[in-house]
Structure formats: C-alpha cells, structure tokens
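One structure below.
The values are calculated or read from the model by the stated rules, or taken from the named source; none is laboratory data. A quick note: this is a predicted structure, and the numbers were derived from the prediction, not measured. Quick reminder, even Gly has a Cβ in these numbers, built from the backbone with ideal geometry, and neighbours come from all protein chains shown. Note: accessible area is taken over every heavy atom of the protein model, side chains too, but ligands, DNA and RNA are not part of it. Shrake-Rupley method; radii C 1.70, N 1.55, O 1.52, S 1.80 Å.
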Amino acid sequence: MAPPPAVRVPTGRTTELLLLAAAVGVSVLGYVAVGAAIDGGVPAGAGGYGAALGVLALLAHATVRWRAPYADPLLLPIALLLNGIGLVVIYRLDRATPGDQAAPTQLLWSATGVALFVTVLLAVRDHRVLRRYAWISALAALVLLVLPVFFPAVYGAHIWITVGSFSIQPGEFAKVLLAVFFAAYLAAFRDALALTGRRIWRWQLPRGRVLGPVLVVWAVFVGVLVLETDLGTSLLFFGLFVILLYVATARSGWIAIGLLLSAAAAVAVGLLEPHVHGRVEDWLHPTASIDAGRGAGQLAQSLFAFAAGGLLGTGLGRGHSILIGFAAKSDFVLATVGEELGLAGLTALLLLYAVLVGRGFKTGIALRDPFGRLLAIGLAGIVALQVFVVAGGVLDLIPLTGMTMPFLAQGGSSVVTNWVMVALLVRMSDAARRPAVPR
C-alpha cells in the first residue's frame, strides 16, 4: 500500500515578506510626515532612507528563508518596525537639534545589527550548541561588565567604554551572555532545584551546592553593577534570574522571594547611593524644581509632553519634547512618541512589544529541550523587563534607571544587542515550528 501523501506545513515566509513591506512603508510614511510638518514637503532623504531600510529587510528575510524557513513570521517584521519607528523619532528630534545629528549614526548601527542578525543565523545552526559555552559566557559577561570601571563615568555611571568619539556600552552584550549561562545551568540542574532541598514553612529551597554556584555568579554581577551605579542593568539581571529560576522549578515562591530581595536592595541603595537617591527624590517629587523656581526638570518635561499629546497626539514634527534635554533621544524617547502620536500611538507601540515578547514566550513553550525553553523565555523576559523599567521611569511610575527602550532609543550597543536576541529567537522558533521528520 502506498504511503499517505506528506502534509505540507506552511512556513509563513510570504506572510513575513508582506509584513516587512508594511513595516518599511510605515517607517517611510513617518519620515515623510516629519518633513511635511517641519518643511512643508517631502524631505530630501526619504528615498535613501526607504531604500536602506528595504535592503536591510530583504537581506534579513532572505537569510531567514534560507536558514530558518519555519521561523515565526512575526518576529522579524516587529523588530524591523520598531527599529524603523525609532529612526523616525530620532530624525524628528535631530531636526530640533541641528548640531547633534544622531539618525545617520543610528541607521549605521541598525545595519550593523542586521548584519549580526544574519551572522548569528548562519553561524548557529542549532541553538543547543550554545549550551556548551555556559561558563565561557559567564566569564565573558563579567569581563564586559568590569571594563567600564577603568573609564570615566558618564552621567554618574561607569557603564561606557569611550575612546575618542567612539563609545560602547558592554553591559548590553553581557545580558545575552548571562541569559545563556543561566539557561544552561538551570537546565542542567532543574530536577535537583525542583525536587530536592530543605522545606521551610511552605517553600522548599534547593540544596546549597546546587543553587550556590549560580547565586555566587549572580551576586558578583550585581555587585559590580552596583559599584558602577548601573542599577537599571542590575534590576534587569535580577529579574532575569528570578524568571528563569521560576520557569526551571515551577515554584511560585521564588517570585515572592525575588520581589522581597529586590525591594530590600532598592531601598538600601536608594538611601546610600547619592546618584540613585537623587533619582528617587525626582520620582517622588517630579515638580520640585518648578516649586523651587529652577524650571522644569527632565521628568517634569516628560510628563508635560505626555499630557500635551492627549489621545491622538500633536502629530509627528509638531511637539516640543526636545525641551527634555540631552536624554530626549535615549532615556526619554518614549515621551516624544506619547506627545506626537498620543495615547493611541503609545498603546500601539507597547502592543508591538507585547506581541514580540508573547511570541518569544510561545517559542519557549513549544521547544522540547529545557535549555532552549529557558533561553527563549529568558531573552523575551529581558525585552519585557527593559520595556517595563524604561516606560515606568519615563511615566513616573518607578524611579528612572537610565536604560534605553529596545530598538527605539538612540544607542548603538542597544540596537545591535536587540538584533542578536531576535536572531536567537528566530533560530529557536524555527526549531520549535519545524515538522518532525518521520522515521
């Protein structure tokens, strides 16, 4: 009897291509809208901007079609759209600061990020290979975090390596390496973490010899970040550790313990570290500088920008969020979105991040190997935590941390690292969605 015909599984590549075309179109329309609002016509660089973004989209799509044909069709278009919106917003702020043109540099960093996206897909044929390099990843991440200590502080924090006009933030790359280490270690000892240990009240804690090494590594990293006063990345690493520990053990008690420890650490550092204490004071009293007659500070200007945007916004190119100052293109770039696109545009942007994170979680759940599951959830969790921390700080829900919005804000290190994380998620989603080969 003849075997039944093979069922053809759709790859989603055509859907991805159409969504990429839409992402490029939306970005170009935003670029044109900025020029029309400021100059009254189409800006001269609109064609070049659209062509550059289109070439990057086609290059990334061709690589996915070739090397990861069953990958999730939403990951790449969402990343490109977020990157394109970020370029539009930075270009809009450039028009208000003629002496500081950041959009061309950001486009160059975006091209570098897409090149690394392609490189990761070509070099990493199976995500499980990364499991072999767990301790090497931890060591490399520690070296990257320690290096900025030997360079001057920038805005109160030792998080930059600056050589002449070139600067890089190595902590951005360290978070991916640390996610690989945590995922590999917790995957190797998940049974010991979940099933053995000592029971204290309602919680069963793992044995010290199992949890001890990873706790030591985490404590060293957080200690270095506290010395550098980079508390945003410290919070990110702590949240990543708690998320992966919960996923590995399926014990909700770790979430409660993590929240208690993070709250205690935040209170202690907020009281003892002057730089952080100042940010806590700004969070509690955002209009204190106005009351003192010194004018509105950055956080107050950000809140004014959100208020001015209302429901539908003032329109691209018609806001005044540049009054925030030097951080308008980095820490407070979300305020420009809130002012010029309004609550509707801000909600749409946050929903894009939500879909990106959700697809990452879905990839992790679909994977059969524990390492891939933890790594996918960890990478998606990094994006979720970073968006929460940045948006919460700019909206005065939590103290500012100085972190950058993924893909949106000015920063070469950030955009390059985000593209690497998307490449790893694409690789793992291909493994998760690929049909099983019958024996």
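Which ³J(HN,Hα) values, rounded to whole Hz and listed in residue order, are derived for segment 177-185 from phi using the Karplus coefficients 6.51, -1.76 and 1.60 in 6.51 cos²θ - 1.76 cosθ + 1.60 with θ = phi - 60°, glycine and proline given as x?
Going residue by residue, I get 5, 5, 5, 5, 5, 4, 4, 5, 5 Hz, with x marking Gly and Pro.
How far apart, in nm, are two points set 7 Å out from the Cα along the Cα-to-Cβ line at residue 51 and at residue 395?
Here the modelled spin labels are 4.1 nm apart.
Jot down the radius of gyration and Dmax of segment 280-377, Cα atoms only, both in angstrom.
18.4, 60
Using modelled amide H (1.01 Å from N, peptide plane; none on Pro or chain starts), what sits under 5 Å from the amide H of residue 72, excluding residues fewer than 5 places away?
Residues meeting the amide H criterion: 429, 430.
Please give the net charge around residue 380, taking every other residue with its beta carbon less than 15 angstrom from that of residue 380, where Lys and Arg add +1 and Asp and Glu add -1.
After counting each charged neighbour, the total is +4.
Using amide H atoms built in the peptide plane, which far-off residues or other-chain residues are under 5 Å from residue 314 H to H?
Under 5 Å from the amide H of residue 314: 340, 341, 342.
How big, on average over all directions, is the shadow cast by the Cα convex hull of segment 372-439, in nm²?
On the way: hull surface 22.5 nm².
Result: a mean projected hull area of 5.6 nm².
Grab the alpha carbons of segment 1-98, take their convex hull, and tell me the volume per residue in Å³.
On the way: hull volume 9.1 nm³, N = 98.
Taking only Cα atoms, segment 1-98 has a hull volume of 93 Å³ per residue.
How many nm separate the modelled label positions at residue 263 and residue 105, each set 7 Å beyond the Cα in the direction of the Cβ?
4.1 nm
How large is ³J(HN,Hα) for each residue in segment 285-295, as worked out from phi by the Karplus curve 6.51 cos²θ - 1.76 cosθ + 1.60 (θ = phi - 60°), to whole Hz, x for Gly and Pro?
9, x, 9, 4, 5, 5, 4, 7, x, 9, x
How far apart, in nm, are two points set 7 Å out from the Cα along the Cα-to-Cβ line at residue 132 and at residue 343?
The two pseudo-label positions are separated by 5.4 nm.
Give the ranking of 419, 109, 66 by solvent-accessible surface, highest area first, calculated with a 1.4 Å probe. Kindly include the intermediate steps, with their values, before the conclusion.
Working: 419 0, 109 65, 66 165 Å².
Ranking 419, 109, 66 by accessible area, largest first, yields 66, 109, 419.
Regarding segment 42-128, what is the average projected area of its C-alpha convex hull, in nm²? Please list the in-between numbers first.
Numbers: hull surface 25.7 nm².
It is 6.4 nm².
Keeping all protein chains in position, work out how much accessible area residue 320 exposes to a 1.4 Å probe, and write it in Å² to the nearest 10.
120 Å²
Tell me, what ³J(HN,Hα) does each residue in segment 422-435 have, in order and in whole Hz, if you take phi through Karplus 6.51 cos²θ - 1.76 cosθ + 1.60 with θ = phi - 60° and put x for Gly and Pro?
Rounded to whole hertz, the list is 5, 4, 5, 5, 4, 4, 6, 5, 5, 5, 6, 9, 5, x.
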